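Quick note: the coordinates plus some simple rules give every number you see, no bench work behind them. Note that the structure is predicted; figures quoted are calculated from it, not measured. Cβ placement follows ideal geometry from the backbone for every residue including glycine, while neighbour counts extend to all protein chains displayed.
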């Protein structure tokens with residue numbers, strides 16, 4: 001195995017592609033560590049560590065297999081899933097919607113047009129999801145949990161200022177668009193399918209924490225086996 005890896009890195013073109021792929025994946029992971037400026041990082045940290053139920057708990061569990069970081073409110077919070085969802089929707093429509101069926105028969109030109117539609121649909125999905133996230137997760141009612149907005153971005157009633165709501169939506173949408181571009185760069189200039197590698201990297205990064213939480217719950221008997 002080590003000999004094969006050594007041989008691989010002796011091929012300049014292949015070595016360059018591998019290093020570029022690793023660099024772009026590193027950029028992707030760094031973005032997941034950068035919180036949006038309008039959230040209270042301390043409250044986010046407390047909520048993600050203590051809340052294993054309700055909406056926050058559901059979101060935390062969903063991040064493991066969606067390559068997203070919604071429970072941390074980072075600039076890449078939506079992950080790459082809106083793009084995948086858009087791709088699936090258009091693939092399904094391509095089997096029943098005549099105009100898309102015709103595009104699929106046009107070869108490379110049709111594929112490029114479908115990819116363009118996929119990007120447009122991705123932006124629309126990002127806008128919807130980020131608006132829902134800002135309204136229902138960052139600004140919950142008192143009965144749902146703590147307000148996660150930093151004080152300087154709050155109105156008197158505890159809600160986020162409208163201008164900053166728009167900024168938050170644009171940040172999350174822009175983050176997914178950047179990840180979509182990142183995946184395309186990996187596919188065209190690196191090794192493997194970019195979107196698949198982004199998802200895999202996200203899952204692998206989340207698994208240690210998820211396993212640690214599971215073992216903690218088992219030890220404390222919170223999974224139904226305790227007394």
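Figures for the structure shown
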item	result
Simple spin-label estimate for residue 152 and residue 33 in nanometres, 7 Å along Cα-Cβ	2.3 nm
Residue 17-residue 93 FRET efficiency (beta carbon distance; Förster radius 25 Å; 0.05 resolution)	0.15
Cα Rg over Rh - the stretch 92-218, Kirkwood	1.10
At R0 = 22 Å, FRET efficiency that the Cβ-Cβ distance of residue 135 and residue 42 yields, to 0.05	0.50
Scaled radius of gyration (Cα, divided by 2.2 N^0.38 Å) that the stretch 150-227 gives	1.73
